[in-house]
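Student: There's a structure below that I have some questions on.
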Amino acid sequence: MNGGHRIRILPPETARKIAAGEVVDKPAALVRELLDNALDSGARHVVVEIEGGGIGLVRVMDDGDGMDQEDLGVCVLDHATSKIADIDDLLSLTTLGFRGEALASIAAVARLEIVSAPAGGEPYRLVSRPSGQASLEPWRGRKGTTVTVEELFAEIPARRKFLSRAGNESASCRQVFIDKALTHPDTEFRFVADGAMTMFLPAASQFDRIMDAYAPTRPPEGFFIAHYSGDSFSGSVVAGDPSFARTDRRAMQVFINRRRIQEFSIQSALDDGYSGWLPGGLHPEGWILLDVDPAEADFNIHPAKRDVRLRRVAEIRRAIVAAIRQALQNRSGGPPSPEPPENPGRSLWASEENPGAGTYGGTDPALTPGGRRTAHPFVTMPVDQAEGTAGGGFGIGEGASSSGEGSGFRYIGQTLGVFLAFEMDDALWLLDQHAAHERLIFDELSKGKPAVQDLLVPVSFASDNREEDDYIAANRDELLAAGFALEREGKNWEILSMPAILACSDASALIDLVRSRPDPSGLVRAANASVACRAAVKDGDELDAPAAVDLISRALDLPEKRCPHGRPIFVRHSREDLFRSVRRIVAR
């Protein structure tokens, strides 16, 4: 049954080294575990020192409570911990560490030295090697603990050869250091690599700690705080303007009960919160800080405590999404300005004379962290909306002059089948005709229940899977509020009515909506966005001059100058920008 091999019991030393690999797999794990212990001890000053990427040495010094002789003598034994006494303590856990595995695991794979002293107590030193007994002796020192780890995996060459080069390991150690410092802003942190201090984080507010650790070169007024809470949770989100958007999710981070956690459902709340502010494929910069009742969270899943099970994930997500959306609206005094995320850090509205224009100003004191924020005004666009628009607010009318001169701008023409070009405020503007018309239609649809047309011949479609069927059945009321009436007919669904603005046979808006399955709380909005996209003037459609001028006039008066999917409607090129692009001297 076992191929002729006899089952044997591994020696305790071998078993310890194997088990230690679940906790300590690289130098960054040493930094993580030792920082957890330092912070749990109440430290207010912490120094992390590494050499050779942490392969040669990792040292963590703190001024916490320290250990007396008795505790120091047993701290490296298996399952030795001061954090819990029995399994029920996990329901009220408030410390970062609790498994009692870290120091024992480190002692199994490296040379370990701990010097520690409690307040008013005598310092002692413990030295342990993987193949020998630990020694304990009186020493010299001060209140707190200093842990030094050397010769990592020196006696386990199979493990050591899989470590990365020193530069990569050093970067991983630094990232762990930052993650731990972020959620303990009242503690001072120093990071020393190969004898040079590369990061110093003084005690600060939570907002300023995030700025100092993650965005030291970014303007702090480009970020905001949103608070949220529920029956068993509370927290805040620190997030950046849509102009700081990225194509990856590396700047979207989740911290639950002061631990950085890999929790996609909570992380994705950032994307949902920015829905309508960012186009698809772009993600915001944001840090979710969540405190959950320990009885509602289980961290005892992975030895590194990277994962968690939460009982109220859906409720927490809804609270975070709502807080972000409200903060974005409050911060801008309404919806966001059209600053394109493709050019982070520089607003299309900005100029040398007015560098702050176009950034998102916030005046709500509750959203003004640390007293360091500065509100910036939106650019004002002195135009008069054209009158006599046809189509009940959906169409493009002929109520404006063909030049647009009376509306504060001069219409130039249509270009590349997509843009309407015009001059205003001594600058060249390009309007995305589809995005602008889409926004106008969306705003009209969002004012109330849309006009609906009953179909003489119902449109039939088949769902792709059981999940889609369940989604439609569970959200028929929301779909009806968006103008779609559906009935089940055998294996298919039949559309009995749809928004009047759509062509009678165009079910693509609904089908795409069902395929994407947005959160029910945002389903009506998503439906309106999908309908607006289908009904709007398309790229390549030719508009005559009066219709183009009318669209520009109405778009300039929009409170939110982005399409429902987050794309900016306008692009502005100042005279200075254009002259510089052709190396022309700008006249003053």
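Student: Can you tell me which of (1) surrounded by 19 or more Cβ atoms within 10 Å (Cβ to Cβ); (2) assigned to a loop (DSSP other than H, G, I, E, B); (3) out of contact with any Leu (no Cβ under 9 Å at 6 or more places or on another chain) is the one PHE162 doesn't meet?
Tutor: Of everything listed in (1) surrounded by 19 or more Cβ atoms within 10 Å (Cβ to Cβ); (2) assigned to a loop (DSSP other than H, G, I, E, B); (3) out of contact with any Leu (no Cβ under 9 Å at 6 or more places or on another chain), PHE162 misses just condition (1).
Student: Kindly indicate whether any position in the range 106-117 is within 30 Å of VAL254 (Cβ to Cβ) and either of a type in the set (Val, Ile, Thr) or under 38 Å from the mean Cα position of the chain (by Cα) (or both). Don't jump to the end; show me each part of the working.
Tutor: Filtering the range 106-117 for residues within 30 Å of VAL254 (Cβ to Cβ) gives 106, 109.
Now restrict to residues that are either of a type in the set (Val, Ile, Thr) or under 38 Å from the mean Cα position of the chain (by Cα) (or both): 106, 109.
Yes, the range 106-117 contains a residue that is within 30 Å of VAL254 (Cβ to Cβ) and either of a type in the set (Val, Ile, Thr) or under 38 Å from the mean Cα position of the chain (by Cα) (or both).
Student: Looking at the range 237-272, which of the residues that are in contact with an Asp or Glu (Cβ under 6 Å, 6 or more places away or on another chain) and farther than 22 Å from LEU35 by Cα is surrounded by the fewest Cβ atoms within 10 Å (Cβ to Cβ)?
Tutor: This residue is ALA251.
Student: What are the pairs with Cβ atoms under 8 angstrom where one residue, in the range 205-220, is among the polar types (S, T, N, Q) and the other, located anywhere, is modelled with pLDDT under 85 and surrounded by 20 or more Cβ atoms within 10 Å (Cβ to Cβ)? Sequence gap at least six, or different chains.
Tutor: SER205/PRO369; GLN206/PRO369
Student: Take the residues of the range 206-236 that are out of contact with any Asp or Glu (no Cβ under 9 Å at 6 or more places or on another chain) and of a type in the set (Phe, Trp, Tyr): which is nearest to ALA251 (Cα to Cα)?
Tutor: Ranking the candidates gives PHE207 first.
Student: Same structure, new question: Right, SER172: of a type in the set (S, T, N, Q) and not in a loop (DSSP other than H, G, I, E, B) or not? Don't jump to the end; show me each part of the working.
Tutor: Working: of a type in the set (S, T, N, Q): yes; not in a loop (DSSP other than H, G, I, E, B): yes.
Criteria met by SER172.
Student: Considering only the range 517-525, I want to know if a residue exists there that is in a loop (DSSP other than H, G, I, E, B), among the polar types (S, T, N, Q), in contact (Cβ under 8 Å) with a residue 40 or more places away in the chain and farther than 27 Å from PHE419 by Cα.
Tutor: Of all residues in the range 517-525, those in a loop (DSSP other than H, G, I, E, B) come to 517-519.
Checking the rest, the ones that are also among the polar types (S, T, N, Q) come to none.
No, every residue in the range 517-525 fails to be in a loop (DSSP other than H, G, I, E, B), among the polar types (S, T, N, Q), in contact (Cβ under 8 Å) with a residue 40 or more places away in the chain and farther than 27 Å from PHE419 by Cα.
Student: Can you find a residue in the range 262-271 that is in contact with a strand residue (DSSP E or B) (Cβ under 9 Å, 6 or more places away or on another chain) and touching a residue at least 60 places away in the same chain (Cβ under 8 Å)?
Tutor: There is no residue in the range 262-271 that is in contact with a strand residue (DSSP E or B) (Cβ under 9 Å, 6 or more places away or on another chain) and touching a residue at least 60 places away in the same chain (Cβ under 8 Å).
Student: Which is under 17 Å from the mean Cα position of the chain (by Cα) and in a loop (DSSP other than H, G, I, E, B), of ASP248, ASP231, ASP186, ASP179? Quick ask: steps written out before the conclusion?
Tutor: Working: ASP231 fails: under 17 Å from the mean Cα position of the chain (by Cα); ASP186 fails: under 17 Å from the mean Cα position of the chain (by Cα); ASP179 fails: in a loop (DSSP other than H, G, I, E, B).
Result of the check over ASP248, ASP231, ASP186, ASP179: ASP248.
Student: Assess whether ARG142 counts as being surrounded by fewer than 22 Cβ atoms within 10 Å (Cβ to Cβ), in contact (Cβ under 8 Å) with a residue 12 or more places away in the chain and not in a loop (DSSP other than H, G, I, E, B). It would help to see each step written out before you state the result.
Tutor: Numbers: surrounded by fewer than 22 Cβ atoms within 10 Å (Cβ to Cβ): yes; in contact (Cβ under 8 Å) with a residue 12 or more places away in the chain: yes; not in a loop (DSSP other than H, G, I, E, B): no.
Spelling it out, it is not the case that ARG142 is surrounded by fewer than 22 Cβ atoms within 10 Å (Cβ to Cβ), in contact (Cβ under 8 Å) with a residue 12 or more places away in the chain and not in a loop (DSSP other than H, G, I, E, B).
Student: Here is a further query. Anything in the range 441-490 that is over 33 Å from the mean Cα position of the chain (by Cα) and among the β-branched types (Val, Ile, Thr)? List them, or say none.
Tutor: Correct list: VAL452, VAL457, VAL459.
Student: How do the pairs read when you match residues in the range 562-581 that are aliphatic (A, V, I, L, M) and surrounded by 21 or more Cβ atoms within 10 Å (Cβ to Cβ) with residues anywhere that are modelled with pLDDT under 90 and not in a loop (DSSP other than H, G, I, E, B), using Cβ under 7 Å and keeping only pairs 6 or more apart or on different chains?
Tutor: Filtered contacts from the range 562-581: ILE569/ARG562.
Student: Of the residues SER497, SER460, SER530, which is surrounded by 15 or more Cβ atoms within 10 Å (Cβ to Cβ), assigned to a strand (DSSP E or B) and either in contact (Cβ under 8 Å) with a residue 12 or more places away in the chain or not hydroxyl-bearing (Ser, Thr, Tyr) (or both)? Step through it out loud before you land on a result.
Tutor: On the way: SER460 fails: surrounded by 15 or more Cβ atoms within 10 Å (Cβ to Cβ); SER530 fails: assigned to a strand (DSSP E or B).
None of the other options fit; the residue is SER497.
Student: If you don't mind, there's one more thing I want to ask. Output the residue which, of all residues in the range 537-569 that are among the aliphatic types (A, V, I, L, M) and assigned to a loop (DSSP other than H, G, I, E, B), is farthest from LEU416 (Cα to Cα). Give the steps one after another, and end with the answer.
Tutor: Here is the first cut: in the range 537-569, the residues among the aliphatic types (A, V, I, L, M) are 537, 543, 545, 547-549, 551-552, 555-556, 558, 569.
After this cut, where a residue has to be assigned to a loop (DSSP other than H, G, I, E, B) as well, the list is 537, 543, 558, 569.
Working: VAL537: 15, LEU543: 12, LEU558: 24, ILE569: 16 Å.
Looking at the filtered set, the residue picked out is LEU558.
Student: Going by the structure shown, is ALA213 in contact with a Leu (Cβ under 8 Å, 6 or more places away or on another chain), part of a helix (DSSP H, G or I) and at pLDDT below 95? I'd like the intermediate steps shown before the answer.
Tutor: Working: in contact with a Leu (Cβ under 8 Å, 6 or more places away or on another chain): yes; part of a helix (DSSP H, G or I): yes; at pLDDT below 95: yes.
Criteria met by ALA213.
Student: Conditions first: (1) basic (Lys, Arg); (2) in a helix (DSSP H, G or I); (3) in contact with a Phe, Trp or Tyr (Cβ under 8 Å, 6 or more places away or on another chain). ARG572 passes all but one, so which condition is the exception?
Tutor: Among (1) basic (Lys, Arg); (2) in a helix (DSSP H, G or I); (3) in contact with a Phe, Trp or Tyr (Cβ under 8 Å, 6 or more places away or on another chain), ARG572 violates only (2).
Student: Then there is this: Any residue in the range 70-84 that is at pLDDT below 75 sitting within a Cβ distance under 6 Å of a residue that is part of a loop (DSSP other than H, G, I, E, B)? List the pairs, counting only those 6 or more apart or interchain.
Tutor: HIS79/GLY100; ALA80/GLY100; THR81/GLY100; LYS83/THR95; LYS83/GLY97; LYS83/PHE98; ILE84/PHE98
Student: OK, next. Keeping to the range 109-129, report how many residues are out of contact with any strand residue (DSSP E or B) (no Cβ under 7 Å at 6 or more places or on another chain) and more than 14 Å from ARG140 (Cβ to Cβ).
Tutor: Result for the range 109-129: 4.
Student: Tell me the residue from ILE87, ILE55 that is farther than 25 Å from GLY120 by Cα, modelled with pLDDT of 90 or more and assigned by TED's automatic domain parsing to the domain that holds ARG165, please.
Tutor: Within the list ILE87, ILE55, the selection yields ILE55.
Student: Just to check your reading of the model, which residue among ASP426, ASP432 is buried (at least 16 other Cβ atoms within 10 Å of the Cβ), acidic (Asp, Glu) and modelled with pLDDT of 85 or more?
Tutor: On the way: ASP426 fails: buried (at least 16 other Cβ atoms within 10 Å of the Cβ).
Just one listed residue meets the conditions, ASP432.
Student: Filter the range 216-234 down to the residues that are more than 17 Å from LEU328 (Cβ to Cβ) and in contact with a strand residue (DSSP E or B) (Cβ under 7 Å, 6 or more places away or on another chain), then identify the one that is surrounded by the most Cβ atoms within 10 Å (Cβ to Cβ).
Tutor: Among those that are more than 17 Å from LEU328 (Cβ to Cβ) and in contact with a strand residue (DSSP E or B) (Cβ under 7 Å, 6 or more places away or on another chain), it is PHE233.
Student: Which residue, of VAL60, VAL46, VAL109, VAL23, is aliphatic (A, V, I, L, M), modelled with pLDDT under 80, in contact with a helix residue (DSSP H, G or I) (Cβ under 9 Å, 6 or more places away or on another chain) and surrounded by 19 or more Cβ atoms within 10 Å (Cβ to Cβ)? Show your work before the answer.
Tutor: On the way: VAL60 fails: modelled with pLDDT under 80; VAL46 fails: modelled with pLDDT under 80; VAL109 fails: modelled with pLDDT under 80.
Criteria check complete, one pass: VAL23.
Student: Scan ASP443, ASP477 and give me the residue that is part of a helix (DSSP H, G or I) and without any contact (Cβ under 8 Å) to a residue 40 or more places away in the chain.
Tutor: Numbers: ASP443 fails: without any contact (Cβ under 8 Å) to a residue 40 or more places away in the chain.
Only one candidate passes the filter, namely ASP477.
Student: Return the only residue of GLY483, GLY540 being out of contact with any Gly (no Cβ under 8 Å at 6 or more places or on another chain), of a type in the set (Gly, Ala, Ser) and at positive phi. Show your work before the answer.
Tutor: On the way: GLY540 fails: out of contact with any Gly (no Cβ under 8 Å at 6 or more places or on another chain).
Criteria check complete, one pass: GLY483.
The values are calculated or read from the model by the stated rules, or taken from the named source; none is laboratory data. What you see is a predicted model; the values in this text were computed from it and never measured. Cβ atoms come from the backbone with ideal geometry, glycine included; neighbour counts cover every protein chain shown.
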